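So that we are looking at the same thing, I have put the structure below in structure tokens.
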């Protein structure tokens, strides 16, 4: 059991605290917002209840058990006192991270590993020199108690032993760590997702299809094969000459990174910002956002359990 400190109790932070607690670790959680820190307990309890209902939580876990496994602390020094692993999950703002890292340098244990959950930032230039050897990125996906992928990236001076410690810890919790050879913004999954997103926005802006039709094409076409084959194993089944022909005969130019989308801007301007506002690309019918998140989690859990039984044909899972 490791002593884990999670910095930031928002969307990712509270969920990561839950993941490490369920993994058998002692967790301390902090946030510079008292309101956010106070709300974290209820959010963790809701997620725990969803996991328990699906048989995905350890037996005997209750709200009281959770409150003991994850304690909340207003002071940064109290949160990181004695920590083996410090998980940074604050806002994606380089100035905010630089400030926090300087504060950490003053109060964190000398040997503590600092793992940032950053999605796109190169955090290594922001970290004080004395912490470089024990700093790395461990990037999780939302919601981390359901999505198993974790990107692990070391910096130029990161001790390989620190990387292996975090990789082994993540794997022991039943997650799927990928140790990347070098840092690239967005890692692997987010970069592929971004490429799909550019094409989706182009289709919408050009009036080619509706959001419902685009999602149907993804769900009933692309997505059916991805969980079993991935992209490159699928290419092996199709035959690599087919991939060569597709590249040679490409009849369109991929959408450029334009920095904006007319259809997206129109929705945001109209206040349709997503589930939390009741509508986005879809009208969610005035349903409680918490109920929608719970329903999403329930369906993802059912799919994850089914995929465990089915298995995959991609090398990453076959060789695990």
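We did not get these values from a lab; they are worked out from the coordinates using the rules stated. Just so we're clear, the structure is a prediction, and the values are computed from it rather than from any experiment. A quick note on method: Cβ atoms are made from the backbone with ideal geometry, for glycine too, and the neighbour counts reach across all protein chains shown.
With label points built 7 Å along Cα→Cβ from the Cα atoms of residue 147 and residue 96, find their separation and express it in nm.
For the pair residue 147/residue 96, the computed spacing is 1.8 nm.
According to a simple spin-label model (label point 7 Å from Cα along Cα-to-Cβ), what is the distance in nm between residue 67 and residue 308?
Placing both labels 7 Å along Cα→Cβ, they lie 2.9 nm apart.
Counting helices only, and only those DSSP H runs with n ≥ 4, report the 222 nm mean residue ellipticity of the chain as the sum of -39,500 (n - 2.57) divided by its residues, in deg cm²/dmol to the nearest 500.
On the way: 14 runs with 150 residues, N = 320.
Helix contribution divided over all residues of the chain: -14000 deg cm²/dmol.
Going by Cα centres, the range 158-206 and the range 1-78 are how many Å apart?
Cα centres, the range 158-206 to the range 1-78: 23 Å.
Can I ask one more? Take 97, 182 and order them by how many other Cβ atoms sit within 10 Å, fewest up front. Walk me through the numbers before you get to the answer.
On the way: 97 19, 182 8.
Ordered from fewest to most neighbouring Cβ atoms within 10 Å, 97, 182 come out as 182, 97.
Just how far, in whole angstrom, is the range 266-307 from the range 222-245 if you go by their alpha carbon centroids?
The distance from the Cα centre of the range 222-245 to that of the range 266-307 comes to 30 Å.
So, one more: With N set to the number of residues, divide the alpha-carbon radius of gyration of the range 3-179 by 2.2 N^0.38 Å and report two decimals.
0.96
Sorting check: for 7-15, 140-148, 70-78, which peptide has the highest mean count of neighbouring beta carbons within 10 Å, and how do the rest follow?
Details: 7-15: 22.8, 140-148: 18.8, 70-78: 16.0.
Highest-to-lowest ranking by the protection proxy: 7-15, 140-148, 70-78.
While we're here: Percent of Cα-Cα pairs more than 16 Å apart in the range 15-120, please.
Details: 3311 of 5565 pairs.
The answer is 59 percent, as a whole percent.
If r is the Cβ-Cβ distance from residue 262 to residue 171 and R0 is 41 Å, what FRET efficiency results, to the nearest 0.05? Intermediate values should be presented prior to the final figure.
Working: r = 44 Å, r/R0 = 1.07.
It comes to 0.40.
Continuing with the same structure: So, by mean Cβ neighbours within 10 angstrom, what's the order for 284-295, 34-45 with the highest one leading? Intermediate values should be presented prior to the final figure.
Details: 284-295: 12.4, 34-45: 16.5.
So the peptides 284-295, 34-45, ranked by packing, come out 34-45, 284-295.
Using a Förster radius of 51 Å, what is the FRET efficiency between residue 215 and residue 107 based on their Cβ-Cβ separation? Nearest 0.05, please.
Working: r = 47 Å, r/R0 = 0.91.
In this case the efficiency is close to 0.65.
Right, here's the next one. To make sure I understand, if each residue's beta carbon is the centre and we count other beta carbons within 10 Å, what order do 184, 257 fall in, fewest to most? Provide the component values of the computation, followed by the final result.
Numbers: 184 14, 257 8.
Ordered from fewest to most neighbouring Cβ atoms within 10 Å, 184, 257 come out as 257, 184.
Under a no-solvent Debye model with one identical scatterer per Cα of the range 189-318, what's log10 I(q)/I(0) at q = 0.11, 0.14, 0.18, 0.22 Å⁻¹?
Ignoring solvent entirely, the Cα scatterers give -0.57, -0.89, -1.27, -1.43.
With every atom except the alpha carbons ignored, what do you get for Rg and Dmax of the chain, in angstroms?
21.1, 61
Between residue 53 and residue 276, what is the FRET efficiency for a Förster distance of 22 Å, r being their Cβ-Cβ separation, to the nearest 0.05?
Numbers: r = 23 Å, r/R0 = 1.06.
For R0 = 22 Å, the calculated efficiency reads 0.40.
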